[in-house]
Amino acid sequence: AQSVAQPEDQVNVAEGNPLTVKCTYSVSGNPYLFWYVQYPNRGLQFLLKYITGDNLVKGSYGFEAEFNKSQTSFHLKKPSALVSDSALYFCAVRPDSNYQLIWGAGTKLIIKP
Amino acid sequence: EAGVAQSPRYKIIEKRQSVAFWCNPISGHATLYWYQQILGQGPKLLIQFQNNGVVDDSQLPKDRFSAERLKGVDSTLKIQPAKLEDSAVYLCASSFTNTEAFFGQGTRLTVV
């Protein structure tokens, strides 16, 4: 079965430190990969995507993600965390052969001042 | 560019009542999704439309939930009758066929 895993329910980082939110996937073919962020009482906001090309993709709010085909991972990163980055982060994958989006369970990111 | 519009933002109903949610996707987006999100969890796909045809409704509880997308633009999601466990946020999203989905603000449903 196709799946997306976010192995950490919660990630705690001090403000100013680098952050990583992990995502691994198990899907067929060459998938499209996405990261979304959800602030409290808000809808999901698109952050960035990988479709093809450079393995390091840059997105909104200074976030970037690295696609690693051999490890089937798409980890979200930011060089210097802000308190305002505290939110719920979701990884999603679209297998190349159909329209479905497969979602991870989400990771709560807490940035402490 | 206008985003995905949803209404209402909040709704409180008693169990066994009916409720309807409305979604207007981004202009030109062929794909429309309805998701259910329980607090603290990831979104669960209820139904996916491609234009006005259903692509996936495998997780839609069809005995009580229904959705339509007439003319391939706006969509409505209905619950009849509602149960306590239907309390959740209902998210509508739209996309071009194989690109990122854009989400509305959601409708928070409370069933009492």
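The values are calculated or read from the model by the stated rules, or taken from the named source; none is laboratory data. Remember, predicted model here, so these are calculated numbers, not experimental data. So basically every Cβ, Gly included, is an ideal-geometry build from the backbone, and we count neighbours across all protein chains shown.
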Out of the stretch B:30-60, which residues are under 17 Å from B:Gly106 (Cβ atoms) and either in a loop (DSSP other than H, G, I, E, B) or over 14 Å from the mean Cα position of the chain (by Cα) (or both)?
B:Ile38, B:Leu39, B:Gly40, B:Gln41, B:Gly42, B:Pro43
Among the numbered criteria (1) part of a loop (DSSP other than H, G, I, E, B); (2) within 10 Å of another protein chain (Cβ to nearest Cβ), which one does A:Ala81 miss?
(2)
Please count how many residues of the stretch A:25-58 are at pLDDT 95 or above, within 18 Å of A:Ala87 (Cα to Cα) and touching a Leu at 6+ places or on another chain (Cβ under 6 Å).
3
Going by the structure shown, is A:Asn17 part of a loop (DSSP other than H, G, I, E, B), surrounded by fewer than 20 Cβ atoms within 10 Å (Cβ to Cβ), within 14 Å of another protein chain (Cβ to nearest Cβ) and of a type in the set (S, T, N, Q)?
no
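Give the residue that is surrounded by the fewest Cβ atoms within 10 Å (Cβ to Cβ), with candidates limited to residues of the stretch B:11-47 that are within 10 Å of another protein chain (Cβ to nearest Cβ) and either in contact with a Ser or Thr (Cβ under 7 Å, 6 or more places away or on another chain) or among the hydroxyl-bearing types (Ser, Thr, Tyr) (or both). Can you show your working first?
Kept after step one, since they are within 10 Å of another protein chain (Cβ to nearest Cβ), are these residues of the stretch B:11-47: B:30-31, B:33, B:35, B:37, B:40-45.
Next, only the ones that are either in contact with a Ser or Thr (Cβ under 7 Å, 6 or more places away or on another chain) or among the hydroxyl-bearing types (Ser, Thr, Tyr) (or both) stay: B:30-31, B:33, B:35.
Numbers: B:Ala30: 16, B:Thr31: 20, B:Tyr33: 26, B:Tyr35: 25.
This residue is B:Ala30.
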Could you check the stretch A:20-60 and list, in sequence order, the residues that are touching a residue at least 40 places away in the same chain (Cβ under 8 Å), over 15 Å from B:Phe103 (Cβ atoms) and in a strand (DSSP E or B)?
A:Thr20, A:Val21, A:Thr24, A:Tyr25, A:Ser26, A:Tyr32, A:Leu33
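May I ask you to say which residue of A:Phe63, A:Phe74 is at negative phi, crowded, with 20+ Cβ neighbours inside 10 Å, away from every other protein chain (no Cβ under 11 Å) and in contact with a helix residue (DSSP H, G or I) (Cβ under 9 Å, 6 or more places away or on another chain)?
Details: A:Phe74 fails: in contact with a helix residue (DSSP H, G or I) (Cβ under 9 Å, 6 or more places away or on another chain).
Step by step, each of A:Phe63, A:Phe74 is checked, and only A:Phe63 is at negative phi, crowded, with 20+ Cβ neighbours inside 10 Å, away from every other protein chain (no Cβ under 11 Å) and in contact with a helix residue (DSSP H, G or I) (Cβ under 9 Å, 6 or more places away or on another chain).
Considering each of A:Glu64, A:Glu8, A:Glu15 in turn, give the residue that is within 10 Å of the chain's Cα centre (by Cα) and charged (D, E, K, R). Step through it out loud before you land on a result.
Numbers: A:Glu8 fails: within 10 Å of the chain's Cα centre (by Cα); A:Glu15 fails: within 10 Å of the chain's Cα centre (by Cα).
Sole residue among the options that is within 10 Å of the chain's Cα centre (by Cα) and charged (D, E, K, R): A:Glu64.
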